[in-house]
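Here the structure comes first, spelled out in structure tokens, and everything after it is commentary.
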């Protein structure tokens, strides 16, 4: 695992694109603060820049760096959730502008996966985690379902958990700064 973390870290630091196992499904990722790298993901996956993408962070401390106003309820949701949960926050800062949704929000997940936590901790920045598919195609639930053309367009494919089968996507909750909670995907 250490070598994969190092290889992935070097790729991210160079502003390049990775395909990697997340705590849910395989994802395409890059430095979430790098506009050009995010643009590459939109091009590779044929997504429109109006299509939101999720980012991964390693901790509440990192969350505070990029989300100035974390609603109080977010802490309980993050701590009590046993399954992967993505929370959409208002008014992010310090991220690539082309990642931020038209309503000035960003979707964030703090995974519990050891590889992801170590990678993000060493990288010291959030990582994009959108599904490893061409927009509109079936979401790959395991590595062998990833389109080979997609694999050929990225700079590095993590060599871990290639036999793992994803059982579901993360739940998605939108938290407004005023404390309102909206469940978007269960």
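Could you put 52, 177, 45 in order, starting from the residue whose Cβ has the fewest other Cβ atoms within 10 Å? Before the final figure, lay out the partial values.
Working: 52 17, 177 14, 45 23.
The most exposed by this proxy come first: 177, 52, 45.
Compute the Cα gyration tensor for the range 70-140, then decide on rounded, prolate or oblate, letting a ≥ b ≥ c be the square roots of its eigenvalues: rounded whenever a/c is under 1.5, prolate when a/b is larger than b/c in the other cases, and oblate in all that remain.
Working: a/c = 1.33, a/b = 1.09, b/c = 1.22.
Judged from the Cα gyration tensor, the range 70-140 comes out rounded (a/c under 1.5).
Please tell me the relative contact order of the range 69-169 in percent, rounded to the nearest whole number, where contacts are Cα pairs under 8 Å and at least six residues apart. Please list the in-between numbers first.
Working: 70 pairs, mean separation 17.6, N = 101.
Once normalised by length, the contact order is 17 percent.
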Relative contact order of the chain, defined on C-alpha pairs under 8 angstrom at six or more residues apart (%): 33
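Arrange the following residues from fewest to most other Cβ atoms within 10 Å of their Cβ: 183, 19.
On the way: 183 9, 19 21.
Ordered from fewest to most neighbouring Cβ atoms within 10 Å, 183, 19 come out as 183, 19.
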Ranked 162, 93, 109, 47, criterion: other C-beta atoms within 10 Å, fewest first: 93, 162, 47, 109
Relative contact order of the range 74-117, pairs being alpha-carbon contacts under 8 Å that are 6 or more residues apart, as %: 40
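May I ask you to work out the translational diffusion coefficient for the range 30-186 at 25 °C, viscosity 0.890 mPa s, via Stokes-Einstein with Rh from the Kirkwood sum over Cα pairs, reported in whole µm²/s?
Numbers: Rh = 16.3 Å.
The calculation lands on 151 µm²/s.
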Theoretical FRET efficiency, 1/(1+(r/R0)^6), r = Cβ-Cβ of residue 10 and residue 39, R0 22 Å, to 0.05: 0.60
Global form of the range 1-43, assessed from the alpha-carbon gyration tensor, a/c cut-off 1.5: oblate
Pairwise label distance in nanometres, residue 48 with residue 83, each label 7 Å out on the Cα-Cβ vector: 2.9
Cα principal axis extents for the range 12-79, largest first, Å: 37, 25, 24
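Only the coordinates and a few stated rules stand behind these numbers; no lab work does. What you are looking at is a predicted structure, and each value in this text was computed from that prediction instead of being measured. Ideal geometry is used to build each Cβ from the backbone, glycine not excepted, and the neighbour counts take in all protein chains shown.
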